[in-house]
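J.: Below: one structure in structure tokens.
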């Protein structure tokens, strides 16, 4: 049901997907559609459950927050919440900030594997050769028999390993904030990176952007990677020190496949565009045909929990 400002006592949810297009939304709530347009669909003060627009700037996402005085839940459609965290101080006491853990596992893991394979097998070079109508044979590196490091072994990192299994990698090494044991083997802490990096051929970044991971991949990190290694970033651009990476790329010592960059969007003329050994995609890990059905499933579940006053999933911040 669409909302208006007629004083309905039911809680109101703002969604960036038209409510009438989502089957099975729970009753007992009012719904309004807002996807970042200049005008708001209702008085923001009425909104109790806010789902920020997807694939838009953080400024747009946080713009209505100061006026959302009755807010109880912010449910992002992104795994990372770094675009919302600066505005947490604007949220009313008790508001829950929930992320979309699990929503992007399939799509992002697919892209991580696609970038890895494309960079190793030099697919961009073959495309350029096709454009020039040149037949350029030769040996290229395979993923088989390579050692792969996944930095950020959460649900996306685990999904990436799922897709690496058939490719006969020599080994997969896992790193996360919290070390632990898994059925596939140990997850190491980030403190082990200096010892791990020299022994791996591919480093895949899947970590969230936090103050602890901002600039994690700096000059020292890159220097410890072996000659010819590939860096794949499907996390956040600011996890990598761009200037330090450019130094290594220009020397030809490392290669990179980047779905995210710092700055982002990458402006015309930026040296990353023309850096040797670099493949760039424009932050498309999440936006695919896999997104919408999983987003709708997440929203149905979370809104049903909200309507029943049941505990929500994926709570990352509870505003004090």
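J.: What ranking do 220-229, 278-287 get when scored by the average of other Cβ atoms within 10 Å per residue, highest first?
T.: 278-287, 220-229
J.: Further question: Bin width 10 Å, alpha-carbon pairs only: give the P(r) of region 105-280 as whole percents, running from 0 to the bin holding the largest distance.
T.: Histogram of Cα-Cα distances, whole percents per bin: 10, 40, 37, 12, 2, 0.
J.: Also, I was wondering about something else. Return a whole-number percent for the relative contact order of region 19-163, with Cα pairs under 8 Å and 6 or more residues apart as the contact set.
T.: On the way: 157 pairs, mean separation 24.8, N = 145.
Here the relative contact order equals 17 percent.
J.: Once both axes come from the Cα atoms, what is the angle between helix 242-251 and the longest principal axis of the chain, in degrees from 0 to 90, rounded to 10?
T.: Helix 242-251 sits roughly 20 degrees off the main axis of the chain.
J.: Here is a follow-up. Per Stokes-Einstein, at 20 °C and 1.002 mPa s, what whole-number D in µm² s⁻¹ belongs to region 18-123, with the Kirkwood radius over Cα pairs as the hydrodynamic radius?
T.: Once the numbers are plugged in, D ends up at 136 µm²/s.
J.: Over the chain, what is the relative contact order in percent, taking alpha-carbon pairs closer than 8 angstrom and at least six residues apart?
T.: Across the chain, relative contact order equals 16 percent.
J.: Separate question: Find how many whole Å separate the alpha carbon centroid of region 59-102 from the alpha carbon centroid of region 108-146.
T.: So the separation of the two Cα centres works out to 40 Å.
J.: Write down the percent of antiparallel bridges among all DSSP beta bridges whose residues are both part of the chain, to the nearest 5.
T.: Working: 6 of 42 bridges.
Roughly 15 percent of the DSSP beta bridges within the chain come out antiparallel.
J.: How many nm is it between the label spots at residue 227 and residue 134, if each spot is 7 Å from the Cα in line with the beta carbon?
T.: The answer from the label model is 2.5 nm.
J.: Need one number: nm distance between label points at residue 182 and residue 127, each 7 Å from Cα along Cα→Cβ, rounded to one decimal.
T.: 2.9 nm
J.: Return an integer: the convex hull volume of the alpha-carbon atoms of the chain, in Å³ per residue.
T.: Details: hull volume 51.1 nm³, N = 320.
Dividing the Cα hull volume of the chain by its residue count gives 160 Å³.
J.: Counting DSSP beta bridges in region 105-280, what percent are antiparallel, to the nearest 5?
T.: Details: 3 of 26 bridges.
Expressed as a percentage, antiparallel bridges in region 105-280 total about 10.
Here, each number is a calculation from the coordinates, and none is a lab measurement. Computed from a predicted structure; not experimentally measured. Neighbour counts run over all protein chains shown; Cβ positions are idealised from the backbone, glycine included.
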